[in-house]
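Heads up, the thing below is written out as structure tokens.
Please treat every number below as a calculation from the coordinates, not as lab data. What you see is a predicted model, and the numbers here were worked out from it, not measured in a lab. Reconstructed Cβ throughout: ideal geometry from the backbone, glycine too, with neighbour counts over all protein chains shown.
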């Protein structure tokens, strides 16, 4: 009986943390709240809600590419239109821009041609799993 009480208590305590980590919600990417809008020409616009962190935009497009578009984790994603401060959006494409891809060693959404794999981008969705919102 003691064991059953302990299990029930742990379920009650851990349920909010797990539901937040999984990212329940319609049209919202996990952990970071982003929306992805398909545009013409194979371009996708990502809007982050409540943050302007570059990892939020990468999380949104990476998760969308893998879950919705069913791309492989090795598919490269490119910034086709950089971050706009007033609009808080970034446009991505699965094909390199005409100016070519840019080799960068930081997570940026301010450079056209910056890129990473869909799997790496989706990996940013789970960065704050242990954060607990503090």
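Here are the numbers:
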| quantity | calculated |
| --- | --- |
| Rg [Å, one decimal], Dmax [Å, integer] - segment 44-92, C-alpha atoms | 10.7, 33 |
| Residue order, fewest to most surrounding Cβ atoms within 10 angstrom, among 126, 58 | 126, 58 |
| Förster-model FRET efficiency, 25 Å R0, residue 126 and residue 88, C-beta, rounded to 0.05 | 0.65 |
| Sequence ranges 61-68, 80-87, ranked by mean other-Cβ count within 10 angstrom, highest first | 61-68, 80-87 |
| Equivalent ellipsoid semi-axes, segment 27-126, via Cα gyration tensor eigenvalues times 5, rooted, Å | 17, 15, 13 |
| Relative contact order (%) - criterion: Cα under 8 Å, at least six apart; region: segment 27-126 | 32 percent |
| Extension gain from residue 102 to residue 73, taking 0.36 nm per residue of separation minus the Cα-Cα distance | 8.5 nm |
